[in-house]
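Let me begin by presenting the structure, written as structure tokens, before commenting on it.
Nothing in this text is a laboratory measurement; each read-out follows from the coordinates by a stated rule. Just so you know, these numbers come straight off a predicted model, no measurement behind them. All Cβ positions, glycine included, derive from the backbone under ideal geometry; neighbour counts span all protein chains shown.
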Amino acid sequence: MEKQLRWVRRVSCRGAVSSDLNMSVVKHIRIKWKVGINLNLILYWRSLFYIHWRMDNMKTNWAIFSIIIVLTALMVFGCATTPKRNPLPESFMNKAQIPYIPDARFWGDTLPPHILESLEDEKFQIQLKDPEARNEPIHYLALSGGGSNGAFGAGLLVGWTEEGTRPEFRVVAGISTGALSAPFAFIGPEYDVVLRKLYTTTSTDEILKKRSVFALLKADSLTDTGPLRKILEDVIDGTVVQKIAIEHNKGRRLFIGTTNLDAERPVIWNIGAIATSGKPDALKLIRDVLQASAAIPGMFPPVYFKVEAYGQTYDELHVDGGVASQVFLYPAALDLEWVKQKVGLKGEDHIFIIRNSRLEPEWTPVTPRVLPITERSIEALIRAQGIGDLYRLYLGAQRDHLAYHLAYIPSDFRVDPKEEFDPEYMADLYYLGYQMAKEGYPWEEAPPGFDPP
């Protein structure tokens with residue numbers, strides 16, 4: 001059997017065979033094994049071998065490629081063992097809570113529940129800890145997704161510190177790779193050394209482990225992100241959580257975005273509320289949220305959260321926040337002017353957005369075959385989604401009278417990574433962001449296609 005499987009891999013992975021030859025492969029294996037094997041399963045084995053070949057020789061975007069893989073897996077629906085779940089019923093969707101931390105999260109596409117109580121708490125915290133902050137400029141930071149391109153944002157933050165004008169942000173919101181750097185951006189420059197190490201020395205092997213072909217038949221992802229979890233356990237420790245709690249009690253907020261895949265909705269996690277909850281598993285929950293925010297669907301395993309509703313325990317399946325949006329700050333339905341009045345803030349507002357990606361389209365002739373066409377189409381979709389998010393934030397800033405500041409990877413940066421998380425590529429990108437910020441970053445006042453008023 002192993003000999004036949006190696007033959008399938010050799011023939012299929014070279015990509016130069018016709019559909020007639022593929023059918024011959026199927027017939028050959030049917031005869032050799034002398035069993036009635038499902039055609040879909042054989043074709044799936046072919047796809048898995050192709051996947052492993054691509055992962056060994058990868059220069060494509062894994063976030064895109066993982067989506068293609070998920071679509072391929074539909075060919076064998078019912079052939080593999082499905083992980084057991086106890087999913088939350090749809091009718092309980094708006095009642096589910098993290099046990100003992102009711103304010104741990106809220107939907108990202110609607111007004112948060114109990115918002116008045118939350119704003120009163122924030123107002124009290126500011127009056128108690130930092131009453132002068134009510135009249136000072138208010139700075140917001142939104143960190144986008146982008147995988148290894150997050151090195152650009154990390155370098156920009158550290159260079160901004162060196163330049164001497166990096167402000168303290170009242171709100172920091174991170175998604176995907178931006179979620180991994182958000183806690184350190186929130187705490188402040190004392191953690192710049194962590195950002196530098198994280199985004200200039202980390203390789204693919206330190207983020208994930210490739211699963212075997214056999215494991216893929218019953219897995220919920222192509223890879224095991226145990227190595228990434230180890231990094232989170234090293235850098236997100238009790239001291240970090242304590243510092244987040246201290247800043248939260250001053251009225252500052254740290255938000256992380258994930259996607260509830262059961263509900264197809266964005267979720268915003270209030271990390272400071274978790275940090276101040278006093279619950280023994282708060283540290284683990286924060287690590288879970290960060291891991292979920294960066295869980296590229298299909299490529300990285302999803303994160304399952306235990307929730308309670310009406311006295312019963314269920315689970316929710318969360319993946320990369322970038323599935324819902326590439327960058328966010330607060331729900332569009334929230335009127336920030338009204339929030340400021342309730343909290344008693346009077347300073348001028350500034351939103352700083354770091355988009356860990358290029359914005360210009362890139363010309364690439366596409367090979368007229370299924371995988372290249374699908375891959376390129378999804379790549380274009382993600383790019384368009386990211387620019388749409390920048391438009392949304394810009395229109396919200398105009399409505400709520402925020403000064404808009406945008407940074408992104410310049411189009412003349414043309415270094416290609418040798419692997420998905422290539423430390424040399426990330427170091428180059430990190431030092432690009434660092435140098436641009438150290439010299440005084442030229443923030444854009446509007447997204448592409450808009451002229452600032």
(request) Once every Cα of the stretch 348-401 carries one equal point scatterer and solvent is ignored, give the base-10 log of I(q)/I(0) from the Debye formula at q = 0.26 Å⁻¹, two decimals. (result) -1.05
(request) Averaging over all projection directions, find the projected area of the Cα convex hull of the stretch 263-384 and quote it in nm² with one decimal place. (result) 11.9
(message) Given a Förster distance of 45 Å, report the FRET efficiency between residue 373 and residue 279 from their Cβ-Cβ distance, rounded to the nearest 0.05.
(response) 0.40
(request) Within the stretch 434-453, which residues have the backbone N less than 18 Å from the label spot 7 Å out from residue 165 along Cα→beta-carbon, could you tell me? (result) 434-446
(message) Between residue 90 and residue 315, what's the calculated FRET efficiency when r is the beta-carbon distance and R0 is 22 Å? Round to 0.05.
(response) 0.95
(request) Any chance you could run the full-extension gain for residue 439 through residue 203? It's 0.36 nm times the residue separation minus the Cα-Cα distance, nm to one decimal. (result) 82.1 nm
(request) Just subtract the alpha-carbon distance of residue 121 and residue 213 from 0.36 nm times their residue separation and send over the number in nm, one decimal. (result) 28.0 nm
(request) Measure of size requested: the Rg and Dmax of the stretch 196-312, with Cα atoms as the atom set and Å as the unit; please supply both. (result) 15.9, 51
